[in-house]
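Contents: one structure, followed by commentary.
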Amino acid sequence: MLRALSDNLRLAFGTFVAHPLRTMLTLLGIIIGVATVMTMMALLEGLRLKVNKDLSQLGANVFRVDKWPQGFRFGGGDRINWNKIAARPALTLDDKRAIVEHCPSVQRTSASSWQPGQRVRTAMSETQPNVFVLGTTVEYPETAGLVVARGRYFNEQEDLDGRQVVVIGPDVADKLFPSLDPLGQEVRLKGRPFTVVGVLARRGKVLGLFNLDNMVMAPMTTFLGLYGKRRTVSISVEAREQAVFERAMDEVSRLMRQRRRLAPDEDDNFEVSTNESMAKTLNDLSKVLTAATFGVCLLSLLVGGIGILNIMLVSVSERTREIGIRKALGARRSRILMQFATEAVALSLSGGVIGVGVGLGLAGLARWTLGLSTVVPAWAVALSLAMSSGVGLAFGIYPAARAARLDPVDAMRAE
């Protein structure tokens, strides 16, 4: 059995070598499909692991209260009425203070608000208009997992006084002060001078788009004076311990409903989200993208399978005399069937192996050039190879059966 398989593989690869251009053109559909799956799975898995790691750094006891829903939602029955949400009252610093005062299961809270697409300047340089400026309270680093690599975060007195001090991300520091120590330097936001008191530790990107290192943080009072005092804030809440986490969420929800004078039958006009709920949002998104990726892969494999069917029929036609001679010498139908089925599977599996290699290369290129986190799961490699082999077997059975049914006398007469 092993010897027969070895002979069939030798004959198959001999045929591939004899017709290299035809073989490669046949494999294109399979290579594209498998490479697409490998690249997308590497990006999605890397993204999932990185975001879960980032969320775990926030601590198991932290949840958020927001005006707007966090993340994406899927499913036809979970449609969001954005006009109704936009009409919700804003969350304020008074809400933050009330949570600490009236919720015994809460250890600390912080507030934040952000303004995207800002340009930061110095006397000699400036950034692109893509910097995120955040206004935060002094407790924000503890509830958001922030680490100050150099200098310090601003203090409570600076927040109360509305001092014009900032903590900048490492990308902003590299752009504005490539050869200087950023601490004590002056930057300008909307034409106003701010003193740099700290530089954040490098954290990378989220979703490959939101750069956590391209940020500037200012005291909340200063930020609201600069960008508008009526804007909503996001409140991060840390429970005293994991054992009272659910109780803390219930206490905060009840307090917010009381402060907003909601009737018992009215829905919440605020959002409470946890690290787990945000991770679930990401996983839901990953599932949708995975299904779409496999849909593209199946279409490509279908095209590749049709190519294999065509090339195997041509191969049977070209080798009719060879088949007749083998059958006249005693080769059974099963041996002829196995020969051509093995050739079809070997052809498609070769395309799968090449596609895996191309996908790994593209994933590595994305990690190297774009700084994206990519991780190739072993199941994606195994599934891609299994799918490509299955396509070869499914589309190679008919030509193989046709070859096995040839009459040896008629086959030997063929030119």
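Some points to look at:
- In this simple spin-label model, placing a label point 7 Å from the Cα along the Cα-to-Cβ direction at both Ala149 and Ala394 gives a separation of 5.0 nm.
- Modelled spin-label separation between Ala263 and Leu93, with each label point placed 7 Å from Cα along the Cα-to-Cβ direction: 3.5 nm.
- Projection of the Cα convex hull of the range 166-245, averaged over all directions and equal to a quarter of that hull's surface, yields 7.8 nm².
- Each peptide among 119-126, 132-139 gets the average number of other Cβ atoms lying within 10 Å of its residues, and from highest to lowest they stand as 132-139, 119-126.
- Label point distance in nm, Asp161-Ala86, each placed 7 Å from Cα along Cα→Cβ: 4.1 nm
- Net charge of neighbours whose Cβ lies under 12 Å from the Cβ of Arg121, counting Lys and Arg as +1 and Asp and Glu as -1: +3
- Cα-Cα over 22 Å, subset of Lys175/Lys229; Lys50/Lys287; Lys190/Lys229; Lys67/Lys96: Lys175/Lys229
- Kirkwood analysis of the range 108-241, using all unique Cα-Cα pairs, places the hydrodynamic radius at 14.9 Å.
Bear in mind these aren't lab numbers, they're just calculated from the coordinates by the rules spelled out. Just so we're clear, the structure is a prediction, and the values are computed from it rather than from any experiment. Please note: Cβ atoms are built from the backbone with ideal geometry, for glycine as well, and neighbour counts cover all protein chains shown.
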